[in-house]
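Colleague: Structure incoming, see below.
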Amino acid sequence: MSKLNIVLFGPPGAGKGTQSAFLIQRYGLVHLSTGDLLRGEIKEETELGIAAKELMDRGDLVPDHIVIGMIRNKIESHLEAKGFIFDGFPRTQAQAEALDEMLNAKSEPIVAMLALEVPDEELVKRLANRGKSSGRADDQDEATARKRIAVYTRETSPLKEYYKAQGKFMPINGVGSLDEITDRLVKAIG
């Protein structure tokens, strides 16, 4: 049986974290969040983690080959998994191509890119609410929230075209109750 490998996609505040938790539980998937991976590799002081920490301490972005290496390590350590949900990755076409190359070599390709689509004004409102409960300053400041959404739109949303070309892009209305949005995702997965 082939693995259920999904890219969960959407701007800050779209509900990726909340929805990925439901999908992980329902389908028995392993969550692959690049932020979590980076923190884990740094904490464990792996070779990749040490290299990433040095770059991050200088304020530099962690290059694709290090991030891909961390993802490869995570996949290799979960060979029994029914599939993976990629959250926050890929962010660029180069990352998507590298991920495809790695997964296709194992005959376990990405099955779908599920894109939670939410209007900008709703995102700003959600981020402000999340900021109040989480204390995250980057969510509480409207100008910062709008900038994060704009960066996503400019840099990350072109990946939609990459997955559309493969017939794997599935836009999902990300507005409604948690259950309604979860139902839409489950229907899209089939």
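The values are calculated or read from the model by the stated rules, or taken from the named source; none is laboratory data. Being a predicted model, the structure only gives us computed values, none of them experimental. So basically every Cβ, Gly included, is an ideal-geometry build from the backbone, and we count neighbours across all protein chains shown. Note: accessible area is taken over every heavy atom of the protein model, side chains too, but ligands, DNA and RNA are not part of it. Shrake-Rupley method; radii C 1.70, N 1.55, O 1.52, S 1.80 Å.
Colleague: Under the rule of at least 5 residues apart or a separate chain, name every residue whose amide H is placed under 5 Å from the amide H of Gly83.
Modeller: Amide H to amide H, under 5 Å and 5 or more residues apart or across chains, Gly83 pairs with Leu4, Val30.
Colleague: How much accessible area per residue does the chain have, in Å², with a 1.4 Å probe?
Modeller: Values: 10230 Å² over 190 residues.
Here the residues of the chain average 54 Å² of exposed surface.
Colleague: Counting only protein heavy atoms, what percent of the accessible surface of the chain is carbon or sulfur at a 1.4 Å probe? Don't jump to the answer; show the numbers that get you there.
Modeller: Values: 5330 of 10230 Å².
For the chain, the apolar C and S fraction of the accessible surface comes to 52 percent.
Colleague: Using a 1.4 angstrom probe with every protein chain in place, what is the largest-first accessible-area order of Thr182, Thr92?
Modeller: Details: Thr182 20, Thr92 55 Å².
Per-residue accessible area, sorted high to low, gives Thr92, Thr182.
Colleague: Oh, and also: Assuming R0 = 22 Å, can you tell me the calculated FRET efficiency for the pair Gln93 and Asp141, based on Cβ-Cβ distance, to the nearest 0.05? It would help to have the intermediate numbers written out before the result.
Modeller: Details: r = 30 Å, r/R0 = 1.36.
After rounding to 0.05, the efficiency reads 0.15.
Colleague: At 222 nm, what value in deg cm²/dmol follows for the chain if DSSP H runs of at least 4 each add -39500 (n - 2.57) and the sum is divided by all its residues, to the nearest 500? Numbers along the way, then the final one.
Modeller: Numbers: 10 runs with 107 residues, N = 190.
-17000 deg cm²/dmol, from helical runs alone.
Colleague: Related question: Report the longest stretch of the chain that contains none of the trypsin sites (Lys or Arg not before Pro) sitting in a DSSP loop with at most 15 other Cβ atoms within 10 Å.
Modeller: Working: sites that count: Arg58, Lys82, Lys106, Arg136.
Longest site-free region, per DSSP loop and neighbour criteria: 1-57.
Colleague: Aspartates and glutamates near Lys147 by alpha-carbon distance under 14 Å, same-chain residues fewer than 8 away left out - which ones?
Modeller: Output for Lys147: Asp120, Glu121, Asp138, Asp139, Glu155.
Colleague: Using only C-alpha positions, report the orientation-averaged shadow area of the convex hull of the stretch 25-147, nm², one decimal.
Modeller: Values: hull surface 37.5 nm².
It is 9.4 nm².
Colleague: Note down the nm distance, to one decimal, between modelled labels 7 Å out along Cα→Cβ at Ser157 and at Thr46.
Modeller: Calculated label separation equals 3.4 nm.
Colleague: Can you tell me the dipole magnitude for the chain around its Cα centre, using point charges on the Cβ only (Lys, Arg +1; Asp, Glu -1), in Debye to the nearest 20? Numbers along the way, then the final one.
Modeller: Details: 26 positive and 29 negative charges, 94 e Å.
Dipole magnitude for the chain comes out near 460 debye.
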